[in-house]
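Please find one structure pasted underneath; my questions will follow.
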């Protein structure tokens with residue numbers, strides 16, 4: 001009898017050790033410090049991935065912070081304060097051209113349109129870009145994709161910044177809304193939900209989508225330093241997997257369902273308000289369905305940067321981009 005009791009004790013001890021090991025394996029998550037260029041409904045698939053637990057499923061604990069501009073996001077990345085930076089891919093081009101050894105690599109593209117809107121002080125159902133002639137607009141930080149895209153649209157419509165209108169670049173990206181509300185400039189560009197919030201509060205009126213006028217642009221991407229990717233390929237792949245799940249979920253669900261999912265990210269808003277904005281972004285074909293930043297799209301961005309006079313030559317595609325994680329994320333996807 002003692003023999004059987006001793007055997008049972010051994011079995012129970014082994015089982016408890018096994019269960020404890022399994023519990024430890026399933027509860028431990030890899031922290032990922034993610035800094036985003038701004039907090040906007042424009043990035044709905046990312047917030048869906050957070051709120052629906054897709055990052056958790058990949059064993060990742062995402063710590064999200066708002067960088068308030070691509071320059072600040074890149075600064076956080078290269079200084080080691082962030083593991084992943086979500087910003088325009090132009091930031092990686094600038095760093096490459098500076099000759100940095102440990103390059104930031106873009107591994108997933110979330111948006112394929114500019115997500116900002118031109119906001120004016122008066123309602124105008126017949127607004128056109130031509131009406132900006134002789135006016136002043138807050139355009140964003142010099143060298144940033146929002147400003148370069150706006151200037152591209154202006155030039156496509158026959159307006160030369162600095163000659164036909166004043167495009168101000170002296171107001172920081174995250175300060176533009178406050179500056180416009182305080183009386184600066186005739187127009188500004190804002191992302192959602194700020195643009196629609198301004199309209200609700202009577203501080204301005206949404207007049208046009210910059211993204212609709214500009215067309216396809218690889219607008220915002222996820223980047224990590226080359227050294228981080230080499231040391232943590234499974235983390236980067238899990239991150240891409242979660243994003244892809246979020247992208248598919250947004251595509252397969254209504255604007256109302258998306259709004260309900262991401263409401264915790266925008267606690268001061270309501271579902272109906274968020275849903276209207278999500279539907280607008282859906283209608284604009286805002287999100288890049290496969291997360292791949294292709295070479296053709298990248299080359300178009302380089303052309304826009306050259307047209308803006310920010311660079312003379314771009315960085316080689318393969319030096320600061322990798323499609324591998326996005327491609328594999330699609331292959332890994334299971335409903």
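Values in this text are rule-based calculations from the coordinates and carry no lab data. Everything quoted here is computed from the prediction, not taken from an experiment. Heads up, the Cβs are rebuilt from the backbone with ideal geometry, glycines too, and the neighbour counts pull from every protein chain shown.
Using a Gaussian network for the chain with springs between C-alpha atoms less than 10 Å apart, which of these wobbles most: 196, 227, 182?
Result: 182 has the largest fluctuation of those listed.
Could you compute how fast the stretch 221-335 diffuses translationally, taking Rh as the Kirkwood radius over C-alpha pairs and applying Stokes-Einstein at 25 °C with viscosity 0.890 mPa s? Give it in µm² per second.
The calculation lands on 149 µm²/s.
Arrange 173, 86, 239 by Cβ neighbour counts within 10 Å, fewest through most, would you?
In order of increasing Cβ crowding within 10 Å: 173, 86, 239.
Next question, about the same structure. Hey, fewest Cβ within 10 Å first, where do 251, 226, 101, 36 land in order?
101, 251, 226, 36
By DSSP, what percent of the beta bridges with both residues in the chain are antiparallel, rounded to the nearest 5?
So the antiparallel bridges in the chain amount to around 50 percent.
OK, next. If each of residue 270 and residue 216 carries a label point 7 Å out from its Cα toward its Cβ, how far apart are those two points in nm?
Label-label distance for residue 270 and residue 216, simple model: 3.9 nm.
Now for a separate question. With N residues in the stretch 117-214, what two-decimal value do you get for its Cα radius of gyration over 2.2 N^0.38 Å?
In units of the 2.2 N^0.38 Å rule of thumb, it is 0.96.
If you don't mind, another one. With Cα extents along the principal axes in Å as the read-out, I listed (1) 98, 46, 32; (2) 77, 34, 33; (3) 67, 42, 30; which label goes with the value calculated from this structure?
Looking at Cα extents along the principal axes in Å for this model, the match is (1).
While we're looking at this one, here's another question. What angle, in degrees between 0 and 90 and rounded to the nearest 10, separates the Cα long axis of helix 295-307 from the longest principal axis of the Cα atoms of the chain?
Its long axis makes an angle of about 40 degrees.
Evaluated at 25 °C with a viscosity of 0.890 mPa s, what Stokes-Einstein diffusion coefficient in µm²/s does the stretch 152-191 have when Rh comes from the Kirkwood expression over alpha-carbon pairs?
218
Using only the alpha-carbon atoms, how far is helix 145-156 inclined from the longest principal axis of the chain? Give it as 0 to 90 degrees, nearest 10.
That works out to roughly 40 degrees.
Turning to a different aspect of this structure: May I ask for the angle, rounded to the nearest 10°, between helix 271-283 and the longest principal axis of the chain, with both axes built from Cα atoms and the value confined to 0 to 90°?
Helix 271-283 and the main axis of the chain meet at about 70 degrees.
Shifting gears a bit: As an exercise, use a Förster radius of 35 Å and the Cβ-Cβ distance of residue 282 and residue 334 to find the FRET efficiency, rounded to the nearest 0.05.
Given R0 = 35 Å and the Cβ-Cβ separation, E is 0.90.
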